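Taking it in order: structure first as structure tokens, then the write-up.
The values are calculated or read from the model by the stated rules, or taken from the named source; none is laboratory data. Predicted, not measured: the structure shown is a model, and the values here were computed from it. Quick reminder, even Gly has a Cβ in these numbers, built from the backbone with ideal geometry, and neighbours come from all protein chains shown.
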Amino acid sequence: MTLAVGVILILVFLAFAALMFLERLSALLALPLMALVFTLVAVGADLLAPESVRELRVRTRGGAAGGKVIESVEDASRFERWSRFRLLAAECLAARTEQLRRAASELTARFDDPEVSNRALAARVAALRQEAADESQRTAEAMSRAARTATPDNDRAGSPPEFFSKPPLHAGPRAAFEERYRAVPLEMYLQRLARELSSPDEAAGRQQARATLDEMRAAAERLPLTRADEIDPHAPAWRAWAAATYVGESLLYLCRAGSLTLYATILATIFGGMFAVYVRNLKVAERLVYWTAEFAGERPAIITLAVFLVTAGIFTSVGGLGTVIMIGTIILPILRSIGLSPVVASGVFLIAISMGGTLQPVARRLWMDVFGIPATQLDGLLWTMVGLYMVCGVGWIAWGTRRGLLSSFHAEERRGGGVDESRIRGVEGRSDGGAEERRGEGAEGGGRMPARLMIAPLVPVALVYFGGVEEISAFLASIAYMYLCVARRPGAVRVLARSMIEGAQTVMPPVLLMVGIGMLFTAVSMPAVQAYLLPLLSLAAPQTRWAYVAVFALGAPLALYRGPLNVWGMGLAISAMLLATTDLPPAAILGAILAAGMLQGVCDPTNTANVWVAGFQAISVNQILRYTIVPVWLAAAIAVAYFGLRFVGG
């Protein structure tokens, strides 16, 4: 049965991958729907499983060795353990309620006896409080025993109710039980009675205690009248209720914990969107590109390299199709004007976008949250990718700006594609080095643009990677820096407020995508899904260094056309499954996905950036693919080989 369910889950994955490949379903819907189907299939299989099963489990090794160990364990099925937990919880609640009723009845009888003094009543209340405390201790111990699993290291992740909890995102059913257990007001009323019966004024104290006792008896009568010995765990009604709660808790855990898994990344995305829109509204990126092209000299290779680096710097903190269009309408005509072919100019622009996007603080936060990689190790991995992009870009520029190649292309002005000089008036130099740039006509606020504002796109990256500042603070500090640069300009506050509102609105699609990513990772990390996928993935996943290099280097083109290694689609689903079921280090998995992402970012004909660039340059997206795939694939293979040697043993 385990293999059959695993095959069904793999088929579900392939079905969603096909729907995304055929553009019948976007990642915004595909990822959460796949998480939902994964959960329902695995939970449904759990309900049909026998009471005792033998299955593979992943256990984390302790000590310096670390890593994961896959073991075959025979234990009660997950649904059986869940039923036992629900039975224990029901029995404990029933026992607590019975204890409250007995205490109320006994104390009422004693109060009705005028010969029983306040001191005797207080002594009996103290004894009842001790009994209640002992019962609470026994209940806590019983719940802890129920939560333990049979694995050698007593890892609690595989047993209910722990696999339905993810503090602080979702407390889970055990916390809900403890809250209901504490809601039985036994200790509260006994504490009040003890205080009132010890009052110096015995008559008044007894009267107050009598009122408290009446409240206690009424509260006991309002609670459900279920005796612990009346619960039959073999009754069909009980099994149906346990099954319903098992499915319900699974879906609740998926939706709540899954949607909040990447909350830090979501917040960073929102503030990053505010920063990006503020940069756009202040026209910082446009001015920076014009300034670079003006002062880069006359040699095509130098101009192209300067524009390449500036574009990469801009895209370290801003992104989206709007930014691609805004920068592309400036950069691409400049590159055409110095003799570069449309294909070469497009490659320069797309490689620069991908290179800068690698250092995006939001992406960095996403990788940290999803893969759990320490910041130092992650930064080294990302800078390695930047270095490979740099080598690839410089090689592409060297090939595209050769004299013989340039002579075969004639610079021509595209209709509607020329540089609109009226947008920016240029740079006015000052002898003291305090150059300031004028705002374009018609821009809100008017005034002069400080040259120091030109470094704004690099401020978040500098703070995150070199200052050790977390992403949200880095974006806020960068927004504050830009505002201080233009604070004296009329309308500066209005531009800032509008940018923050528009920025939060524009990032809703990425936010929804991250909710789906979190749900998918939560689903794949559930023991039910892991147990059914593990037998198949343990055979198919690369376990050695050379297998890792061969699989991911040769398979890198699978990131194209929304394929299974697409970093913003099925690639994350594969990452989640590999993280949950294999011994591959998280850094190795991320490195493989980022390497495949090089082809997806530069060559993929389905990218909106590629489609727009090809249309603007009057070429086809497949032309860009044919010319760029070889050098980018080579760079991706080098990345995979390096990460394999660095992170994968054997």
**Prompt:** Which of the following residues is of a type in the set (Phe, Trp, Tyr), in the same structural domain as Ile638 (by TED's automatic domain parsing) and buried (at least 18 other Cβ atoms within 10 Å of the Cβ): Phe552, Phe521?
**Reply:** Phe552
**Prompt:** Does Ala268 fit the bill of being outside the structural domain of Val362 (by TED's automatic domain parsing) and touching a Lys or Arg at 6+ places or on another chain (Cβ under 6 Å)?
**Reply:** no
**Qualifying helices (runs of 4 or more DSSP H) (wholly inside the range 227-313; at least 2 residues being of a type in the set (Phe, Trp, Tyr) and touching a Ser or Thr at 6+ places or on another chain (Cβ under 6 Å))** = 263-281
**Request:** Could you please tell me which pairs satisfy a Cβ distance under 7 Å, a separation of 6+ or placement on different chains, a first residue in the range 110-122 that is without any contact (Cβ under 8 Å) to a residue 60 or more places away in the chain, and a second residue that is of a type in the set (Val, Ile, Thr)?
**Result:** Arg110/Val116
**Message:** Which numbered condition in (1) free of Cβ contacts under 8 Å to residues at least 24 places away in the same chain; (2) touching a Ser or Thr at 6+ places or on another chain (Cβ under 7 Å) is the only one that Gly615 fails?
**Reply:** (2)
**Unmet criterion (only one of (1) under 30 Å from Ala528 (Cα atoms); (2) touching a residue at least 12 places away in the same chain (Cβ under 8 Å); (3) of a type outside the set (Ser, Thr, Tyr); (4) not in a helix (DSSP H, G or I)) for Gly319** = (1)
**Message:** I need the full set of residues from the range 284-309 which are in contact (Cβ under 8 Å) with a residue 24 or more places away in the chain and of a type in the set (A, V, I, L, M, F, W, C), in order please.
**Reply:** Val284, Ala285, Leu288, Val289, Trp291, Ala293, Ala301, Ile303, Leu305, Val307, Phe308, Leu309
**Asked** Arg206 versus (1) of a type in the set (Lys, Arg); (2) at pLDDT below 75; (3) surrounded by 14 or more Cβ atoms within 10 Å (Cβ to Cβ): which is the lone unmet condition?
**Response** (2)
**Request:** Run Tyr561 past the list (1) surrounded by fewer than 24 Cβ atoms within 10 Å (Cβ to Cβ); (2) on the phi < 0 side of the Ramachandran plot; (3) assigned to a helix (DSSP H, G or I); (4) touching a helix residue (DSSP H, G or I) at 6+ places or on another chain (Cβ under 7 Å) and report the number of the one that doesn't hold.
**Result:** (2)
**Asked** For the subset of the range 361-377 comprising residues that are among the aliphatic types (A, V, I, L, M) and closer than 22 Å to Leu520 by Cα, which member is surrounded by the fewest Cβ atoms within 10 Å (Cβ to Cβ)?
**Response** Met368
**Prompt:** Looking at Arg174, is it modelled with pLDDT under 85, within 34 Å of the chain's Cα centre (by Cα) and either surrounded by fewer than 13 Cβ atoms within 10 Å (Cβ to Cβ) or outside the structural domain of Thr245 (by TED's automatic domain parsing) (or both)?
**Reply:** no
**Asked** Hey, among Tyr548, Tyr561, which residue is modelled with pLDDT under 90, aromatic (Phe, Trp, Tyr) and either within 24 Å of Gly516 (Cα to Cα) or more than 20 Å from the chain's Cα centre (by Cα) (or both)?
**Response** Tyr561
**Item:** Selection within the range 460-484 - surrounded by fewer than 20 Cβ atoms within 10 Å (Cβ to Cβ), among the hydrophobic types (A, V, I, L, M, F, W, C) and in a helix (DSSP H, G or I)
**Value:** Ala462, Phe466, Ile472, Leu476, Ala477, Ala480, Leu484
**Message:** Can you say whether Val493 is buried (at least 16 other Cβ atoms within 10 Å of the Cβ) and without any contact (Cβ under 8 Å) to a residue 12 or more places away in the chain, as far as the supplied structure shows?
**Reply:** no
**Request:** Could you check, for the range 325-338, whether at least one of its residues is outside any helix (DSSP H, G or I) and closer than 18 Å to Ala592 by Cα?
**Result:** no
**Leading residue by the ranking (farthest from Tyr181 (Cα to Cα)) among those in the range 116-142 that are exposed (fewer than 13 other Cβ atoms within 10 Å of the Cβ) and among the charged types (D, E, K, R)** = Arg119
**Meets criteria (at pLDDT 90 or above and closer than 17 Å to Pro460 by Cβ) for Leu288** = no
